[in-house]
Amino acid sequence: MRLLDRLWGAFPTFLIARRNITRARTRSALAVASIVIGVVAIGAIGAGGVAFKEAQMGTLGTIGSDIQVYAGPDKEPGHLTAADVDTVDRVTGTADIVPLKRGDGVLAGRDGDRTGVTLYGVDDPRELYTVDEGDIPGNWRNGALVGRTLADERGLEPGAKLTVNRSDVRDGEVVTSLETYRVAAVLEDEGRAQVARPNGAVVLPPGEFEDDIYAQVVVRTENTRQANATARDVRAAFNDREERVDIFERGQAADRIDQAFAQVNLFLVGIGAISLLVAGVSIANVMLMSAIERREEIGVLRAVGYEKFDILRVLLAEATLLGVVGSLLGAPLALAITALINGALLDDPLAFTAGAFGYVAAGVAFGVVASVVGGLYPAWKAARERPVEALRG
Amino acid sequence: MTAEPSAGVPDDGTRASDASETDGASETDDGPVIVGEGVVKEYETGGETVRALRGVEFRIDPGEFVAIVGPSGSGKSTLLNVLGLLDVPTRGDVRLQGTDVSTFSDTERTRRRKEVVGFVFQSFHLVPTLTAVENVEIPRLLDRTPAATRETACDLLDRMGLADRLDHYPDELSGGQKQRVAIARSLVNDPDLLLADEPTGNLDRETGDRILAEFERITDEGVGVVTVTHDDYVAEFADRTVHLVDGDVFADPAEAR
């Protein structure tokens, strides 16, 4: 008790302020509640938005620096050839390229159901995928890799046999054949933006496809800007008047998605900020009432030697105290709500990002600032009253 | 005591030099605490000018107990406010320990008020959220000397016979106890002038006696005490009684009629 007394004694303005806050408990509690709501609104909305973006980006996969080259409408023949792949490789310099072959097949189930699957021919699967179970053979000439989703659906595991009814276009005609592969590895599921997404597909060595036909070439660059430049170079190499290749730049899409998320989040946080504005008004109201009720008391303080500035300090300390208490109550509440959102969207309540903490911190800062700003006018009004008038009652 | 900053000195050169001549330490100790000459105070109320003080003279010496009596509306409170530097006269000279108060800035007046003047307000004006000892500490609360302030406050309350009421809140104290807390508060800064507005109003005779005895002790320490009162008993007790009628001062009530 003595220690506590001494502590408060070190901050006399806060001693007076604290006692005044406890004088009208309900009123102070309501003012604090308004700050809590504001802080929670900014913190939880902002941090929740970050979690939502994380969740969406997780589904979309890594986005940004890849470009995809397809055969264009004026291409003759109507697909990319090995020579085209070489040209892309030459034009793009040091950037990694991933030529992809593609085909369709049908899996016959035990109970007679038939499922269409996509078949990918990939030169170096290690570069594209993460293995979940089994191994990609060192000599990638036979065997098949299946995605986790397909493996779970079909009960496949490494070593199992996989029979595919393939239909390939050879020399302009559709040729069907029944092929059996041994599953070498199960691949982890990937996000939607993954090149040759493995989830429900079968990945085969390129030798299992027609030699000279490529579905697309993926060029992996360092960043969005480089991707832009590379796309321009590839266009220059292939397209003069005719559109021999189409290029899909992921960077543009990534930027647009990023921007959209940022705008939506800003809008939501703006709504949260309005609630803090209301909180600031409520603080101003509470302080104004308090200052009017304590008019004589403030007059006494002025009479016994308190400067205008001292009165301003005492009342601002009171507003600050309300804001700090409200913010300190609001911050854990905002974090708890964010944890709930994290749990729902990211399957991990503790998946807080720096951005999420940033929003909660911003909420706390705004909460305190709103209180101080709300307290300014009442404090100034009380401080400038003449003591003689105040004491007259 | 130092010379006042020139910014606050009025363009009346003689007054400024007067102030510096009398501005010495010995003057503070032996000379009058506060002197007024031709003090006029006018108010604007509803477009009408009210003359609350019509050129009054006053002089309070250290250790003197002066009672101001007079009917309500005679300017007693205004005079007390002028004495306590809460109000500045419209015209006339007021010198606090030899210094012309019109040379003070607002901030300076507040500082001098804190150093020199102790107030005992009419209805006590204790802060309800603070304990007795905290109420006594108020004038020095912002001085950042909590230990020394607490000691002084406890001593003063002890002297007022309230050593066992330190941590009581005002609503837990009787009227007489509150008044004694208010007196302790007025003494915490070791003032040279104590101003009391109706200090025994609403108190029974016994409590009133106790308060008067306290005032006597304060005057023995060299503090000038000025009290505004309706109570003849207090007036009889005083060294000197000043009658205020319609803003004019009379030493003898007969003169007023």
From B:ARG150, B:ARG140, which residue is open to solvent by 10 Å² or more (accessible area, probe 1.4 Å), outside any strand (DSSP E or B) and within 8 Å of another protein chain (Cβ to nearest Cβ)? B:ARG150
Which numbered condition trips up B:ILE218, out of (1) within 14 Å of chain A (Cβ to nearest Cβ); (2) assigned to a helix (DSSP H, G or I); (3) within 25 Å of B:VAL33 (Cβ to Cβ)? (1)
Within the range B:124-173, the residues that are without any contact (Cβ under 8 Å) to a residue 40 or more places away in the chain and within 22 Å of B:LEU85 (Cβ to Cβ) are B:LEU141, B:LEU142, B:ASP143
If we keep just the residues of the range A:297-354 that are among the polar types (S, T, N, Q) and open to solvent by less than 10 Å² (accessible area, probe 1.4 Å), which is farthest from A:ALA41 (Cα to Cα)? A:ASN342
For the range A:84-120, which residues satisfy the criterion of being hydrophobic (A, V, I, L, M, F, W, C) and open to solvent by less than 60 Å² (accessible area, probe 1.4 Å)? A:VAL85, A:VAL88, A:VAL91, A:ALA95, A:ILE97, A:VAL98, A:LEU100, A:VAL106, A:LEU107, A:VAL117, A:LEU119
Quick check on my filter: what residues within the range A:132-172 are surrounded by fewer than 16 Cβ atoms within 10 Å (Cβ to Cβ) and in contact (Cβ under 8 Å) with a residue 60 or more places away in the chain? A:ARG141, A:ASN142, A:SER167
How many residues are charged (D, E, K, R), assigned to a loop (DSSP other than H, G, I, E, B) and open to solvent by 50 Å² or more (accessible area, probe 1.4 Å) when one looks only at the range B:170-215? 3
Could you count how many residues in the range B:238-257 are surrounded by 14 or more Cβ atoms within 10 Å (Cβ to Cβ) and either at pLDDT below 85 or over 18 Å from the mean Cα position of the chain (by Cα) (or both)? 7
A:PRO77 - would you say it is assigned by TED's automatic domain parsing to the domain that holds A:GLU222 and either under 19 Å from A:ASP240 (Cβ atoms) or open to solvent by 60 Å² or more (accessible area, probe 1.4 Å) (or both)? yes
Considering each of A:ALA273, A:ALA260 in turn, give the residue that is surrounded by 18 or more Cβ atoms within 10 Å (Cβ to Cβ) and more than 14 Å from chain B (Cβ to nearest Cβ). A:ALA273
Exactly one of these conditions fails for B:ASP158: (1) more than 8 Å from chain A (Cβ to nearest Cβ); (2) in a loop (DSSP other than H, G, I, E, B); (3) surrounded by fewer than 17 Cβ atoms within 10 Å (Cβ to Cβ). Give me its number. (2)
Among (1) more than 14 Å from chain A (Cβ to nearest Cβ); (2) closer than 28 Å to B:ARG140 by Cα; (3) among the polar types (S, T, N, Q), the one test that B:THR49 misses: (2)
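Being farther than 25 Å from A:ASP255 by Cα and surrounded by fewer than 16 Cβ atoms within 10 Å (Cβ to Cβ), is that true of even one residue in the range A:216-234?
Looking for residues that are farther than 25 Å from A:ASP255 by Cα and surrounded by fewer than 16 Cβ atoms within 10 Å (Cβ to Cβ), one finds none in the range A:216-234, hence no.
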Scan the range B:74-93 residue by residue and report those that are surrounded by 21 or more Cβ atoms within 10 Å (Cβ to Cβ) and more than 14 Å from chain A (Cβ to nearest Cβ). B:SER74
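Name the residue, out of A:VAL286, A:VAL300, that is under 30 Å from B:PHE121 (Cβ atoms) and either at pLDDT 90 or above or within 14 Å of another protein chain (Cβ to nearest Cβ) (or both).
Residue meeting the stated conditions: A:VAL300.
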When you go through A:ALA336, A:ALA317 one by one, which is the residue that is away from chain B (no Cβ under 14 Å) and in a helix (DSSP H, G or I)? A:ALA336
Can you tell me how many residues in the range B:102-136 are assigned to a helix (DSSP H, G or I), open to solvent by less than 10 Å² (accessible area, probe 1.4 Å) and more than 8 Å from chain A (Cβ to nearest Cβ)? 6
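Take the conditions surrounded by 14 or more Cβ atoms within 10 Å (Cβ to Cβ), of a type in the set (D, E, K, R) and closer than 30 Å to B:GLU134 by Cα and apply them to A:GLU249. Does it pass?
On the way: surrounded by 14 or more Cβ atoms within 10 Å (Cβ to Cβ): yes; of a type in the set (D, E, K, R): yes; closer than 30 Å to B:GLU134 by Cα: no.
No.
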Exactly one of A:VAL146, A:VAL85 is at pLDDT 85 or above and in a strand (DSSP E or B), and that one is A:VAL146
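The values are calculated or read from the model by the stated rules, or taken from the named source; none is laboratory data. For clarity, every value in this text was computed on a predicted model and none was experimentally measured. Methodologically, a virtual Cβ is constructed for each residue, glycine included, from the backbone with ideal geometry; neighbour enumeration extends over all protein chains shown. Quick note on the areas: whole protein, heavy atoms, side chains included, nothing else; ligands and nucleic acids left out. Shrake-Rupley method; radii C 1.70, N 1.55, O 1.52, S 1.80 Å.
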